[in-house]
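Taken together, the values in this text are just the output of simple stated rules run on the coordinates, not laboratory data. Only a predicted model underlies this, so the values are computations on that prediction, with no experimental measurement involved. Note: ideal-geometry Cβ built from the backbone for every residue, glycine included; neighbour counts use all protein chains shown.
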Amino acid sequence: MVKTIAAQKINLDDLIEKFGLERIDDLQFFPEWQDDLPELTDSERQALDEVKGDYLHLSRYTILEPIVKLVVLSPLLKLAGFYRSPFYLAAEKEVEIVSEDEELIIKGRLDLLVFMPELWILVIEAKGAKYSLDAGIPQALRYMLGHPNPDHPALGLVTNGMDFIFLKLIKQDRPRYAESYPFSLRRGDDIYTVMRILKRFIQLLS
């Protein structure tokens with residue numbers, strides 16, 4: 001009997017057991033967040049300083065998911081260039097994923113999808129500031145498993161506004177994924193590195 005479950009109720013162990021997902025810790029598996037990162041201009045750094053300052057100011061009170069998208073994600077994606085051709089954005093996109101044995105169907109909505117026609121590029125899972133990224137990583141991976149083109153890697157970003165982790169998932173042969181190091185607005189120039197990684201994704205995918 002086929003069982004259908006809401007995406008937010010599936011954990012990482014379920015993905016490993018039902019979809020054969022394997023974590024790869026070899027840094028060479030995910031060089032996109034490490035190598036050949038473009039430099040930022042002074043104006044880009046200034047804009048990022050403003051994003052950081054705005055968020056830190058607002059974080060005096062509990063920041064919910066819509067505020068994370070408005071204050072942090074929106075300016076980051078615009079500054080990186082994801083609002084321009086050849087990219088498009090879709091919010092609250094419905095995704096359905098079927099397990100290897102076809103006994104489990106996961107249904108849910110991802111927060112934000114940056115894509116080119118017929119190709120998923122960047123799955124973004126946003127959480128409120130009170131949530132750890134550990135809660136968002138399995139959910140992003142669930143949606144990345146639904147990537148419609150197995151010949152291309154799926155990239156992901158999980159953020160609660162303060163912290164960021166990038167993901168890469170490859171479905172060829174068997175589904176494998178890797179995580180970047182975590183970045184934080186509270187740590188030095190991490191927001192600059194987050195932007196450099198996003199701009200590197202633009203270079204690779206345009």
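Mind running the shape call on the stretch 122-206? Use the C-alpha gyration tensor, a ≥ b ≥ c as the square roots of the eigenvalues: rounded below 1.5 for a/c, prolate if a/b tops b/c, oblate otherwise.
oblate
Applying a 10 Å radius around every beta-carbon, put 165-173, 23-31, 190-198 in order of their mean neighbour count, most first.
Going by the mean number of other Cβ atoms within 10 Å, highest first, we get 190-198, 165-173, 23-31.
Amide H of K127: which non-local residues (sequence gap of 5 or more, or other chain) have their own amide H closer than 5 Å, using H built in the peptide plane?
So K127 has HN proximity to T159, N160, G161.
What pairs in K69/K171; K52/K127; K78/K171 have C-alpha atoms more than 22 Å from each other? Each step should come with its number before you reach the end.
Working: K69/K171 28 Å; K52/K127 17 Å; K78/K171 29 Å.
Flagged as over cut-off: K69/K171; K78/K171.
Once you have the alpha carbon radius of gyration of the stretch 32-90, what is it after dividing by 2.2 N^0.38 Å, with N set to its residue count? Mind dumping the intermediate values first?
On the way: Rg = 13.4 Å, N = 59, 2.2 N^0.38 = 10.4 Å.
Taking the Cα Rg and dividing by 2.2 N^0.38 Å, one obtains 1.30.
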